[in-house]
Amino acid sequence: MNTAAATGSASCRFAHYFVVCGVDTETGLEPDDGAGEGFEHSPVRRSFKSKVLAHYPENTDRNPFNKDAVNMLCMPRGLSFRTQADRLDPQFHSFTISFDDCTRSYGFVHTFYEEVTSPQIITAMQTLCQMHHVEHHSSSLASSPSSSSSSASSPSTSSMDSLASSLDESDAESLAGVSGCLGCVGSFDPTRDTLYVSKALCLVTPLPFLQASRQFLVQLHQAVTSQTAPPLPLESYIHNILYEVPLPPPGRSLRFHGVQGPILCQRPGPGELPLGEYPLGDAFSLLGVDSMVKLLTCALLETQVLLYSSDYQRLMTVAEGINTLLFPFQWQHIYLPIISAPLHHLLDAPVPFLMGIQRRDGAQRSSLNLPHEANLCFVDIDNHCVEAPEDLPQFPDQTELIQELSEVLLQFGLPPQGGVIAKPTTTSSSSPRLSSLVLEDLMEDRRNGNLGGEELAVLERLQALARRCGGGKMSDGGKTLGHVFEEEEEELKAAKLNIQLREVFAGRFAAMFGRYDDFVIHSALDLDSWLTNREGMFNFDKGSFLSVQPASHLHFLSRFLETSMFSSFVDGKVISRWADREPLQQLFDSRLERERLYDTGSEDSCSCLYRKCTTLFESGQTIERRLLKADHTAIHPHLLDMRIGQGRHHPGYFPKLQADVLAQAQNTNKSEPKRSTVSDQSGKSTFARKNLRQSKLLDLTPQAITQTHREFVDGLLSECRLKTKRMLKERMGKESVELGQGEASITGLQENTLIHGLCDLLERTWGHGLQVKQGKSALWSHLLHYQAAQGKTEAPAESPGSNCSDQRTVDDGALPLRGSLIQDMRFIQTMSEGLSDVGQARAWIHLALEKKMLSQHLKELLTNQDWAVDKKKRDKCIKRDFACLSLGIPYRVVIIPMKKLSIAMATVDPWVCVSGELGDSGVRQIPKNTQEIFFQVGIHPACKNLGRLSTLQLGQENSGLLAKCLIDCVMVYNEITGHTYKFPCGRWLGKGVGDGSLERVLIGQLVSPGAEEDAGRLTGTPPPELASPSQSVRTVLGSLGRMPFVEVQEDMREAVNNLVKHFHKPEQERGNLTVLLCGEGGLVLCLEKFLLHGLKSNRLFQRNVFVWDFVEKAVASMETADQMGDLHGSTLTKGPPCDLLCHYVSAINASPRNIGKEGKFQLFVCLGIRDRLLSLWLPLLADCPLTARTYEDGALLRDRAAVHSLSRMLHTLNDFAITLETALVKGVDL
């Protein structure tokens, strides 16, 4: 056994802070206005504001002290007063608090009642009681109820410390007359009663050391109430736990000393589940197995969870129990297991939350007036009831899971059905107090495993004897030996039950997500690019994952994959490529790897049987070994250097501690380096989703509350935008396969899941700030009010021509008439018998989505609000953000000119037409003096979206002073999918330059998000990676005579092979045919290289050499020779191929499109390959008499073997039906 000391920083100590909260005698009594109590209550039964009287140390390195938050959580109901006639049992509860660095700490509070000795407080309470009695007596004599008016006149000032002195003598005499009538309950008379006030001792720790912290606080309080002084001043014990007791090492136990005995705590090892001491057995006993599984399902699906109980510790027990069962996932939203009355405005938050509120005496659930109930899980702990939202899916293998959990509970003697009242949280007799030093040593030796053989047998016989005989008093105020052993065994039993229940759930998650890493998509090249494009990236192949799951699991899993906790979990897996993994994820992954060693892999995941957890016994034995034997012992409390007279013992009163002694250890650690927080702290990752900090949520200033709700709404609308984007992606045809959406059946399931999520978002939006509601659905309540208001104005609004109200135009921005919304409501009301309000609201949303009218309906609902002036100011934002539900897919097009000539863009009026697999955008004019345009497609039902983009037509009207510009490329960005397409150009656009083209057909290339070219698309700097086709041609033209013969043939062979392989693939796996024909390395460019090889430049043609010039001249020479009969003696044979060649060239030249010479040659090749003529035309061009004069002797076109080989390759493509995009053949009727 080793001796340990907390020599490190605050993050390595057992405790961060020791806090004392209570009444401040200097400021006096301040009514707690936020407690929600009326003046009809007796002052002794009212709540008053508490204060933090002292906290040590002042601050720590990483976790600054939040005085207001700690005070609110230590005493959620403020100060409570009692008299000797009331019960004065101490109470215990705990809380959790998050710091600014996203770490979580735990507070453990021991609340007891201390006699009031301040004359100022006693006089103020007496005066308040007398005034309350006079008002109550006068109101009872009045003929009409006037309690409200009289209570309004009662004193409610912020301070009552000078209340007694403010009364004149005559008032005091009149009040004294009623003192004899104050014998009722809740009255106070200082001559007869003793006044007590609550005081709280709190210990804030970095880990949930529930049992150890509770024992330390109880022992501290028992030392205060004891008639004999403790061995050392209380400062010695507090200083010891703050500065000298370290955290137990992982996988080890630690013993330290309280005021009256040793205390043991332990910490799990690296391969075990994180520390969780909150008794799950109590939670299951209160709610039952079925309800706990239902509650966990709600938490996993991120519904709003509200806990309700009269006991604060029950709220914390259930909340922390659910939180620990989520492993390996973490709750990502508001987490406040205890909220006081001033924080009840957080119930209006339109975001997922897990919160708990205290039930007041006699209060009913209906009195809460909850704004959100459509997606609320209400947990009435005291009545053992869980009200889940409608359509809640079952947890996978729920029946088998409940059976396994029931077996575990029965082994520990707990009934699975629940309804058992847990032990009260009073702490009057909690900690073992052994007066006999010999017995104390014997107990410590047993804990440490130092007893063996005979000694251990003797101790076991003493234990058995004590149990049979009931023990006996060891000493005054002590506990029986039997009770000591019973408490030890109960603590061990609770710890083993905790770990076994958690292992069952951890095993279920391991079975469901055992192969999750196979579906994680690693698409980013580095961490910066991933963070930059996080919102538009897909990190998990949800469709493929769902396709291998059992059918019974799909309803739950499809919704769970959309939650923030799963997204954060996957984000952590992606980030682990560049940074250390989170502890929880690392632990989960290591468990999966260990299970795979024993997994034969023969079972199909869709049909595998339920397997029970096999590590229950092992996990229980591990924790038992640590609890029965302490591995380390902390430094014992010792006498401090205190001033004379300090530390005196006053029985029943917690003393004022010497601050300089308890703060002295702060300076000893300033020079030490900061250490990282504890590894098993279940805090958020640095890269996790950013949420509101708890310190902001607990801020009660009006500005902070307004800002908090503003952030709630902003987050809600952002979530709504993301949800609608996902819904649009589900309807994007083949492009959804690119995004990893999986097969058709799974896509439909995911779409229904997203619609369900949208319904929830709309409910939360309409419920935020709602004052009057009918039923559980805020949206349906709004619709019913709107329907009633329209019914009143419907009759006078009718006219003879109003029978066309159902007609709708498809013009942009056109709104339907009001009747369509009302008629949809009437249809739902007629067809939905038996549906609840929530079900009718969801049915209305489904119907509006199917009719593509949801956006118009919401606009109408929010525009016509004269009847509801008190609605929220959020309507403008809702109208803006819900518009995307029907407007379609937004695209952004940016034209990037060559940097040196970018000024020329100001002199032209360009236009674009973007085409994809599913349609085109139509001609879109670029505004003058700009280089980009933003437009949307999909407004018309006939065109949902463009699909995968393939071509882009870029043109100009040839107007302006210098109507020409050199275009580097055009970038098209899909705002929904985040895909960026690059259309390389590298050519002039204008008459008199280049090939004189006023219109070019560009071929798109999909670039990865976050690539360097994406960063340059708005800067005008051409990206260096992707060379445009024209740049490749210019390279060929610069080295005509030096172009390797074999290289040109190899490129031609590769282009043809790519086309053959394209048609031999399954249809769903084929790429873009246009890219294979006209893109980089495509058939058109390779054939152009072939015809450019050996071409004599600057002989026949005065300008740059283009292949189309040769084709035109060759066809012209054929037609002239035919007319003059010069074909005699030539190898060229007149026939259908020759006639078709001349016909096609003439038709291309006659086309109204100004596509230039390069565009005409591209069209020539595409038409020839489509109509199976290209293999016949090539020999005709080779045999043309013009060829000998135009090409050098070594040219490929003059090599009969090369021409014959190329013709045979092209002939193989005649077996396939080639369909060309409309953009390629527009304007040519052939």
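The values are calculated or read from the model by the stated rules, or taken from the named source; none is laboratory data. Because the structure is predicted, anything quoted here is derived from the model rather than measured. Counting neighbours? That spans all protein chains shown, and the Cβs are built from the backbone with ideal geometry, glycine included. These accessible areas exclude ligands, DNA and RNA; they are computed on the full protein's heavy atoms, side chains included. Shrake-Rupley method; radii C 1.70, N 1.55, O 1.52, S 1.80 Å.
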Original post:
From Cα coordinates alone, what are the radius of gyration and Dmax values for region 280-395 in angstrom?
Top reply: 12.9, 39
Subject >> Those residues of region 185-207 whose amide nitrogen sits under 19 Å from the label point placed on residue 656, 7 Å along Cα→Cβ >> reply: 197-201
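Test of understanding: express the Cα radius of gyration of region 1132-1220 as a ratio to 2.2 N^0.38 Å, with N the residue count. It would help to have the intermediate numbers written out before the result.
Working: Rg = 13.8 Å, N = 89, 2.2 N^0.38 = 12.1 Å.
Relative to the rule-of-thumb radius for its length, region 1132-1220 sits at 1.14.
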Subject >> Ellipsoid equivalent to region 495-632 - semi-axes via the Cα gyration tensor, in Å >> reply: 30, 22, 13
**OP:** For region 983-988, take each phi angle, set θ = phi - 60°, evaluate the Karplus expression 6.51 cos²θ - 1.76 cosθ + 1.60, and give the result in whole Hz per residue in order, putting x for glycine and proline.
**Re:** 10, x, 10, x, 9, 6
Subject >> Table column - 3J(HN,Hα) (Hz), region 1157-1167, Karplus curve with 6.51, -1.76, 1.60, x for Gly and Pro >> reply: 6, 5, x, 5, 5, 4, 5, 4, 5, 5, 5
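Mind ordering 302-312, 1208-1218, 246-256, 549-559 by average Cβ neighbours within 10 Å, highest first? Walk me through the numbers before you get to the answer.
Working: 302-312: 22.1, 1208-1218: 14.7, 246-256: 20.5, 549-559: 17.9.
In descending order of packing, they fall as 302-312, 246-256, 549-559, 1208-1218.
What full-extension length gain, to one decimal in nm, is calculated for residue 368 and residue 589 as 0.36 nm per residue of separation minus the Cα-Cα distance? Could you put the intermediate results ahead of the total?
Working: separation 221, 0.36 × 221 = 79.56 nm, distance 4.30 nm.
Contour length minus the Cα-Cα distance gives 75.3 nm.
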Original post:
Quick one: how many Å² of residue 285 are accessible to a 1.4 Å probe, rounded to 10?
Top reply: 10
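Counting only other residues whose beta carbon sits under 11 Å from that of residue 109, what net charge do I get with K and R as +1, D and E as -1?
Details: positive: 199, 214; negative: none.
Charge balance near residue 109 sits at +2.
Would you rank 591, 643 by solvent-accessible area, highest first, keeping every protein chain in place and using a 1.4 Å probe?
In descending accessible area the options line up as 643, 591.
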Subject >> Under-5 Å amide H pairs with residue 251, H placed in peptide plane, nonlocal only >> reply: 267, 269
Original post:
residue 505 accessible area, nearest 10 Å², 1.4 Å probe?
Top reply: 0
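Indicate, rounded to the nearest 5 percent, the antiparallel portion of the DSSP beta bridges found entirely in region 280-395.
Values: 3 of 17 bridges.
Roughly 20 percent of the beta bridges in region 280-395 run antiparallel, per DSSP.
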Original post:
Pairs 67/493; 859/982; 199/493; 1089/1160; 542/859: which are spaced more than 25 Å apart, C-alpha to C-alpha?
Top reply: 67/493; 859/982; 199/493; 542/859
